Each structure stands twice: as C-alpha cells, then as structure tokens.
Amino acid sequence: MNLFDDENKIIEHFQRIQDKEVFFPSLDDEIESLYRSIHETAEWTNWTYSAGKDDPPPDYYNDVISVMMDVMRVDDHAFLSKKGKVINPTNAGESKLRKELDESGILELFPNCKEVFINAKTLLPTEEDHNYTFYKENFARVVREHAKKIELYKQNHPGYKTVFFVMDESSAYFRIYDKSIKIEEGKGVKGAPHLFFFDKSFVDVMQDAQIDYLIWYAPFKLLRTKDGIFTMPQAVIYNIHEIDFEDIEYDQSEMRSSEV
C-alpha cells in the first residue's frame with residue numbers, strides 16, 4: 001500500500017498491535033528493551049527521524065540505547081523484468097487510483113481523514129499477480145540492497161547496533177497437501193500454514209545481512225479455515241545472534257497464497 005511509503009506511518013501502525021500478537025524466537029532484556037523503545041509511544045520519542053532528502057542514513061537512530069534502524073517494504077507482487085527492472089503492478093495501480101482520487105476533489109469533503117487505504121486489483125490470474133516465488137525473491141532483494149549500505153550507516157553512527165524493520169505487505173501462504181487440486185474461491189483445501197518466520201529461505205537472508213536485529217511486521221497474514229480465522233503473529237522480532245531454532249525448508253511448488 002502506498003500509504004506505507006511513509007516510514008512514520010509504518011511505525012504508527014506497528015505501535016497499534018498488542019504485545020500478545022508479537023512473537024520473539026528468543027527473548028531477553030535487551031531485545032525487549034528494543035521492542036519497547038519502538039512500540040511504546042512515550043519511548044519512541046527517543047528515536048530521531050533521519051529519512052529526509054538531505055539526512056544521513058539510516059532512517060532512524062536512538063542515542064539512548066545506541067541503536068540505528070532502517071525501514072523497508074516487501075510484498076509478494078514485485079518481480080524483476082528481463083531488463084532487471086523491478087515491476088510491481090499492484091503499487092502502480094494504487095498510485096494511479098490515488099492520483100484519480102486526489103484530482104476528483106472527494107478528499108476535500110473529508111478534511112479530517114488522515115489515512116486512505118487503496119486496494120488496487122490487477123485483474124491478473126492469482127499466480128501471476130502474487131506468489132511465493134515473488135515473495136521470497138522480493139524479500140531477499142530488498143534486504144540485500146539495504147545491507148549493502150550498512151558500512152555507511154556505521155560511519156554515521158559508530159558503535160551503534162543495526163536494526164532492519166521489514167514492513168511485509170504480503171498475504172498469508174500455506175503448504176498444500178495435494179498439488180493436483182485446483183484452488184477455487186470459496187472452496188476449502190487441505191494444507192498447513194506457512195510459518196514464514198521459520199522459513200529457511202528468509203532466515204538465511206537475515207543472517208547473511210550482518211545486522212543485529214530484525215523486526216518483521218506482517219499484519220495481513222490471515223488464513224480462513226472451517227473453524228474461523230487463523231491469525232499468524234503480527235510481528236516477529238529476532239536477535240540475529242541468538243537464532244538457534246530449527247528452520248523449515250519449503251518446496252515452492254507446494255506453496256499457495258490464501259488470496260485467490
């Protein structure tokens with residue numbers, strides 16, 4: 001969503017989630033302090049915004065706890081063209097609709113409206129619109145691009161620890177048990193939820209990035225089941241140096257989006 005072009009909007013939305021919706025693969029005083037410094041609005045005042053046009057990177061830093069943070073967006077729509085250009089039909093559609101909305105003058109009738117969510121439909125078949133391969137590759141591409149700048153971040157804030165904050169706009173995924181079954185809207189299918197936070201393909205990228213912490217904010221991962229809505233963690237916070245869980249390797253041919 002183009003609303004999340006603004007890093008501060010991302011943080012505002014993150015601050016609305018409840019503690020019980022956050023998963024810590026490992027938890028100690030240091031990582032809890034980091035979480036509180038961002039999630040609690042009173043403590044957030046210790047962070048300095050540094051993402052302006054002429055500001056030195058990264059996006060935020062906190063002199064109280066000696067931590068710096070870069071914010072990035074990933075989704076399951078973007079892909080690289082044959083010419084190596086990032087293509088994202090959904091974001092392009094949202095930008096077009098937002099422009100039309102601004103030009104219509106409708107928003108002037110609602111002066112107190114601070115946020116507008118636009119859900120653009122590409123009309124592409126599901127697998128062409130968003131899929132696990134796009135998701136995995138987009139996550140890796142975005143994180144690695146930001147990781148290239150870490151040395152510059154360290155020059156600007158020597159001795160500070162590094163946080164990557166990933167705003168994940170992808171849908172929930174699941175591992176299908178029978179690949180021969182065609183998934184149709186309104187019909188159930190047997191499968192297991194994609195535990196994205198344990199997925200080896202993503203965990204490997206985190207560990208290779210040479211960061212200290214990763215905050216993975218993924219608010220749109222909902223799975224509809226016969227028993228109701230199955231909600232994944234809204235956010236997962238890692239101490240990269242303390243990752244010792246057993247990760248999961250997924251076969252991408254078995255992965256399907258919950259959004260048909």
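The values are calculated or read from the model by the stated rules, or taken from the named source; none is laboratory data. Quick caveat: nothing in here was measured; it's all calculated off a predicted structure. Please note: Cβ atoms are built from the backbone with ideal geometry, for glycine as well, and neighbour counts cover all protein chains shown. Surface accessibility is based on the protein's heavy atoms, side chains included, excluding ligands, DNA and RNA. Shrake-Rupley method; radii C 1.70, N 1.55, O 1.52, S 1.80 Å.
Here segment 190-260 is treated with +1 on each Lys and Arg Cβ and -1 on each Asp and Glu Cβ, and its dipole about the Cα centre works out to around 580 debye.
In segment 1-75, the portion of solvent-accessible area held by carbon and sulfur atoms comes to 45 percent [1.4 Å probe, whole percent, DNA, RNA and ligands not counted]. Under the simplified labelling scheme, the Glu242-Ile17 pair shows an inter-label distance of 1.7 nm, with each label point 7 Å from Cα along Cα→Cβ.
A cut-off of 5 Å between modelled amide H atoms, ignoring neighbours fewer than 5 places along the same chain, links Ile248 with Asp199, Lys200.
Which of Lys9/Lys53; Lys53/Lys154; Lys53/Lys221; Lys20/Lys149; Lys9/Lys187; Lys136/Lys187 have a Cα-Cα distance over 29 Å? Pairs exceeding the cut-off: Lys53/Lys221; Lys20/Lys149; Lys9/Lys187. What is the distance in Å between the Cα centroid of segment 18-61 and that of segment 173-223? With segment 18-61 and segment 173-223 each reduced to a Cα centre, they are spaced 24 Å. By accessible area, using a 1.4 Å probe on protein heavy atoms only, segment 140-260 has 47% of its surface on carbon and sulfur. Each residue of segment 44-61 is assigned a 3J(HN,Hα), and the resulting list reads 4, 5, 7, 8, 10, 7, 9, 10, x, 3, 9, 8, x, x, x, 5, 9, 8 Hz, derived from the Karplus form 6.51 cos²θ - 1.76 cosθ + 1.60 (θ = phi - 60°), x at Gly and Pro. At a probe radius of 1.4 angstrom, the accessible area of segment 151-229 per residue rounds to 51 square angstrom. The rule of thumb for compact globular proteins, 2.2 N^0.38 Å, goes into the C-alpha radius of gyration of segment 169-260 1.19 times.
Ligands, DNA and RNA aside, His130 has an accessible area near 10 Å² when probed at 1.4 Å.
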